[in-house]
Amino acid sequence: MSAGASGKPTIIVEHLDPELEEWQALEYKCIYEECETSTPPWNFLLSGLSSAAGVGKQLSLPSSSVTEQSVEALYQGDRRRNVCLLDPKAEKDLSPEDGEKFDVFLFGGILGDDPPRDRTGELRKMGFEGRRLGQEQMTTDTAARVTRIVVADRQPLGNIPYVDRPDIKLPASTSGHEGAQSGESVSMPFRYVKGKDGKGVMPKGMLDLLASDADKDIMDLL
Ligand code: SAM
């Protein structure tokens, strides 16, 4: 696998939404933690965040992992050739060999939508070479997880076990009358990596967040 100047491959998430939603904060924290604990570890950078320092604190990320600069400013000229944009509309799927070609993997920090509105196009316009992770839309943390499995573990996309569009049983909410009732479930319109328990892998705290907001339409949360 190729590696950047720091000796580690890098995941960059360019935050593209005007606000930082609780849902996204959980995803970003999860990507950071998985980068730190993977063998070998990866760098993680959250780019394009206004008032980066405050947001970094809120996410409890080190300041070296958060920047207000856009990836467009960070990677100019020839340096852009090392960056792979994970793009649902790319013509080629990501393969283990792409780990030799690229050392930076770029993701849109975008809340999912169904049907997808192609906001990843904002990054595509900057001229980064793209790779797809199959046809199903993934959450940003899932897309980052799958990318690491493909390029670091050298597993082709088709070898990874997935859970598609699961109905997820929510824990009863403790946050008052508007939260989930016992036994309530929610349908998630995304692809997840299947964990050892057979369920889709999700960031810590996500089920509780979904349960506390169970009265809202799922699309208002994503
Ligand atoms: N609905 C969004 C759009 O309009 O582009 C997709 C958002 S997805 C929740 C967040 C990011 O995960 C995307 O910007 C992309 O980098 C990555 N991603 C998700 N599914 C993907 C796929 N099937 N192939 C490539 N990248 C994917």
Pairs only if they're at least six apart or on different chains, beta carbon under 8 angstrom, first in the stretch 103-125 and without any contact (Cβ under 8 Å) to a residue 40 or more places away in the chain, second within 7 Å of the ligand (Cβ to nearest atom) and assigned to a loop (DSSP other than H, G, I, E, B); list them, first residue then second.
Pro116/Pro88; Pro116/Gln137; Asp118/Pro88; Thr120/Asp87; Thr120/Pro88; Thr120/Ile110; Arg124/Asp87
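Would you point out which residue out of Leu123, Leu111, Leu106 is assigned to a strand (DSSP E or B) and within 16 Å of the ligand (Cβ to nearest atom)?
On the way: Leu123 fails: assigned to a strand (DSSP E or B); Leu111 fails: assigned to a strand (DSSP E or B).
Matching residue, one of Leu123, Leu111, Leu106: Leu106.
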Residue identified as surrounded by 15 or more Cβ atoms within 10 Å (Cβ to Cβ) and more than 7 Å from the ligand (Cβ to nearest atom) among Arg148, Arg132, Arg79
Arg148
Selection status of Val186, part of a strand (DSSP E or B), modelled with pLDDT of 95 or more and either open to solvent by less than 40 Å² (accessible area, probe 1.4 Å) or not small (Gly, Ala, Ser) (or both)
no
Regarding the stretch 19-28, can at least one residue be identified that is at positive phi and at pLDDT below 90?
no
Looking at the stretch 73-92, is at least one residue in a loop (DSSP other than H, G, I, E, B), at pLDDT below 95 and touching a Ser or Thr at 6+ places or on another chain (Cβ under 8 Å)?
no
One residue is enough: does the stretch 35-47 have a residue meeting the conditions over 13 Å from Gly109 (Cα atoms), modelled with pLDDT of 90 or more, open to solvent by 10 Å² or more (accessible area, probe 1.4 Å) and in a helix (DSSP H, G or I)?
yes
Can you tell me which residue in the stretch 82-100 is nearest to the ligand (Cβ to nearest atom), limited to those that are within 19 Å of the chain's Cα centre (by Cα), free of Cβ contacts under 8 Å to residues at least 60 places away in the same chain and open to solvent by 50 Å² or more (accessible area, probe 1.4 Å)?
Pro88
Number of the exception - Leu49 against (1) aliphatic (A, V, I, L, M); (2) away from the ligand (no atom under 13 Å from the Cβ); (3) under 27 Å from Ile160 (Cβ atoms)
(3)
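The values are calculated or read from the model by the stated rules, or taken from the named source; none is laboratory data. Just so you know, these numbers come straight off a predicted model, no measurement behind them. All Cβ positions, glycine included, derive from the backbone under ideal geometry; neighbour counts span all protein chains shown. The area values use the complete protein model at the heavy-atom level, side chains included, leaving out ligands, DNA and RNA. Shrake-Rupley method; radii C 1.70, N 1.55, O 1.52, S 1.80 Å.
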